[in-house]
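Take a look at the structure below.
The values are calculated or read from the model by the stated rules, or taken from the named source; none is laboratory data. All figures in this text were calculated on a predicted structure; none of them were measured in a lab. Here the Cβ is made from the backbone with ideal geometry for all residues, glycine too, and neighbour counts use every protein chain on show.
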Amino acid sequence: MTRRSVIAGVGSALPSRRVSNEELAQTVDTTDQWIVERTGIRSRYVAAEGETTATLATDAARRALEHAGLQATDIDLIVLATATPDQTFPSSATKVQAALGIDDCIAFDVHAVCTGFLYALAVADSMLRSGNATRALVIGAETFSRILDWEDRATCVLFGDGAGALVLSSEEGERGILATKLHADGRHNDLLFVDGGPSTTGTVGKLRMKGREVFRHAVVNLAGVLNEVLAEAGLTTAEVDWVVPHQANARILDATAKKLGLPPEKVVVTVGEHANTSAASVPLALDTAVKDGRIKRNDIVVLEAMGGGFTWGAAALRY
Ligand code: UT7
């Protein structure tokens, strides 16, 4: 029997405030029609004072533990993917650890922007398979509303806040993560970046993006990495039950599915409700499709994401 990292539970959390396109159009020079036609986004959630990356991550983690039927003290590893941590240091993972009442476990953040959750999942899977841990919380959590330029209509309408989490458990059997594939190409820093940081400006900075160029790279990179991960897992496209993609733009999801010959009804789409929540978007979408009964035990599920760096990656698993 092979030892694999099995998803024992999933959970998510959203800020209490939902902002529709119409509400946004009252303060930003945009329209509901433009946003829906170009992106598929209808609303996003925006963190209020007191709601932070770590508080959202903790709520999502609690729900994933409950779904798994486990206690916080069963966890020996926390990997949290975020580009918007509560503090420059310490890691938001250690804040989640303290909030959950875990006195001692491995806890750290992973930073790969929108691909962060795939990076976190691959790292946690490696640590579980090598015996460094047995039960992990893998979390993607973001408060991008705090790094948006609310005067730049080309970016501020696209993003939202939220968190998603899963419990990974090291078990023997056929279920679990079958393959992961990660990439980065640092030459594209100037297409998607934040114009500040502790070691440069000493400020947090604001998100800047050349959207059209990112779009072009996204479809090519995502189709490529999906083919790679399926080949590594020994799967054909026809064997895939569900694709849970990073939710940046409905047009990217359509174009990528088309390029791979995947029927659109196999793609989980939550971008309309959540907008782009960066590292939180894949686990938020996964939680949605598990809880509404679409994704069932033993289904073949493929996760994928692409973001700043550029970074991109995919994972194939038997749920
Ligand atoms: O998660 C990380 C990865 N990120 C992504 O994958 C994002 C990838 N990019 C995209 O999703 C799309 O490129 C966008 C949604 C960002 C933009 O869509 P687009 O079809 O590429 O539009 P565009 O940037 O070429 O802009 C078209 C027009 C421009 O006007 P002109 O120059 O043609 O007169 C923009 O000024 O739309 C205008 N525009 C807007 N109009 C109304 C830009 N933003 C807005 C807006 N409301 N919010």
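Results for (1) within 16 Å of the chain's Cα centre (by Cα); (2) within 21 Å of Phe117 (Cβ to Cβ), shown as yes or no for each residue.
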| residue | (1), (2) |
| --- | --- |
| Phe159 | yes, yes |
| Leu166 | yes, yes |
| Glu174 | no, no |
| Thr180 | yes, yes |
| His183 | yes, yes |
| Arg187 | no, no |
| Leu192 | no, yes |
| Gly197 | no, no |
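For region 289-306, taking the residues that are in contact (Cβ under 8 Å) with a residue 60 or more places away in the chain and away from the ligand (no atom under 16 Å from the Cβ), the one that is nearest to the chain's Cα centre (by Cα) is identified as Val302.
What single numbered condition from (1) within 12 Å of the ligand (Cβ to nearest atom); (2) in contact with a Pro (Cβ under 8 Å, 6 or more places away or on another chain); (3) among the small types (Gly, Ala, Ser) fails to hold for Gly164? Only one criterion is unmet by Gly164, namely (1).
Going through Gly196, Gly224, Gly131, Gly140 one at a time, which residue ends up being surrounded by fewer than 22 Cβ atoms within 10 Å (Cβ to Cβ) and within 16 Å of the ligand (Cβ to nearest atom)? Please lay out each step first, then the result.
Details: Gly196 fails: within 16 Å of the ligand (Cβ to nearest atom); Gly131 fails: within 16 Å of the ligand (Cβ to nearest atom); Gly140 fails: surrounded by fewer than 22 Cβ atoms within 10 Å (Cβ to Cβ).
Testing whether each residue is surrounded by fewer than 22 Cβ atoms within 10 Å (Cβ to Cβ) and within 16 Å of the ligand (Cβ to nearest atom) leaves just Gly224.
What do you reckon, is Ile106 out of contact with any strand residue (DSSP E or B) (no Cβ under 8 Å at 6 or more places or on another chain) and in the same structural domain as Ala163 (by TED's automatic domain parsing)?
Considered against the rule, which asks whether it is out of contact with any strand residue (DSSP E or B) (no Cβ under 8 Å at 6 or more places or on another chain) and in the same structural domain as Ala163 (by TED's automatic domain parsing), Ile106 comes out as no.
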